[in-house]
Amino acid sequence: MQGEHEVVVLRLGHRPGRDNRMTTHVGLTARALGADRVVIAGEASDPKATVEEVVDRFGGPFAVEVTDGHRRLLREWEGSVVHLTMYGLPLQEVEGEVRAAHETGPLVVVVGSEKVPFDVYEAADFNVGVTNQPHSEVAGLAVFLDRLFEGRELDREWTDASHRVVPKATGKLVEPVDE
């Protein structure tokens, strides 16, 4: 089920044991910066559980799913497909088109790892480069989501949280949410 203006991050190429931390960070970044859910293609029970624990503690809405592969999701997707790749067109040149596509329907944002199959490049409506230099897929996702939402995601309100971070100039404070 997909919503009209939903943003879904599809994490490709998860290698159990090797990519747990990176996949977890993709999910956490997707949640924190405005996506509605993350779908992890591959066996990823540890990252799924970690992201779900963060959602339980700090709020949502945000969903985490695990799927065997990416092809069915991309084939059946009823919206635009954005593939983040250093080989894509510069984000600053296509962000207006991507934003317009999101205003008319849902987006799936594909975040790969080591080697992305060519069918993903072909399925994408937009192959987008957040710089054309090697860097972290987490950094690319963060910059992309910030550009997509034009900074509005930074003021997002969270629901169903058991705890909240209290902003402070110095130090750390996490407190239970008053019911």
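The values are calculated or read from the model by the stated rules, or taken from the named source; none is laboratory data. Keep in mind the model is a prediction, meaning the values are calculated, not measured. Note that we place each Cβ from the backbone using ideal geometry, even for glycine, and neighbour counts take in every protein chain shown.
The residues of the stretch 95-123 that are outside any helix (DSSP H, G or I) and over 16 Å from the mean Cα position of the chain (by Cα), listed by number, are 105, 114, 115, 116, 117. Restricting to the stretch 155-179, give me the number of residues that are in contact (Cβ under 8 Å) with a residue 12 or more places away in the chain and either in a loop (DSSP other than H, G, I, E, B) or touching a Gly at 6+ places or on another chain (Cβ under 9 Å) (or both). Total satisfying the criteria: 9.
Only one of the numbered conditions (1) in contact (Cβ under 8 Å) with a residue 24 or more places away in the chain; (2) closer than 21 Å to residue 97 by Cα is not met by residue 151, and that is (1).
Could you identify the single residue in 151, 96, 112 that is at pLDDT below 95 and not charged (D, E, K, R)?
From the options 151, 96, 112, the qualifying one is 112.
Comparison of 132, 127 shows that the only residue that is touching a strand residue (DSSP E or B) at 6+ places or on another chain (Cβ under 6 Å) and either at pLDDT below 95 or among the charged types (D, E, K, R) (or both) is 132.
Among the residues making up the stretch 27-50, those that are crowded, with 20+ Cβ neighbours inside 10 Å, modelled with pLDDT under 95 and either within 15 Å of the chain's Cα centre (by Cα) or not small (Gly, Ala, Ser) (or both) are 40, 41, 47. In the stretch 155-163, is there at least one residue being over 23 Å from residue 22 (Cβ atoms) and touching a Leu at 6+ places or on another chain (Cβ under 8 Å)? Scanning the stretch 155-163, I find no residue that is over 23 Å from residue 22 (Cβ atoms) and touching a Leu at 6+ places or on another chain (Cβ under 8 Å), so the answer is no. Beta carbons closer than 9 Å, at least 6 apart along the sequence or on distinct chains, pair a first residue in the stretch 126-143 that is part of a strand (DSSP E or B) with a second that is buried (at least 21 other Cβ atoms within 10 Å of the Cβ) and of a type in the set (Gly, Ala, Ser) for 128/140; 129/140. Taking the stretch 35-76 as the range and being in a loop (DSSP other than H, G, I, E, B), under 21 Å from residue 130 (Cβ atoms) and touching a residue at least 40 places away in the same chain (Cβ under 8 Å) as the test, the residues that pass are 35, 70.
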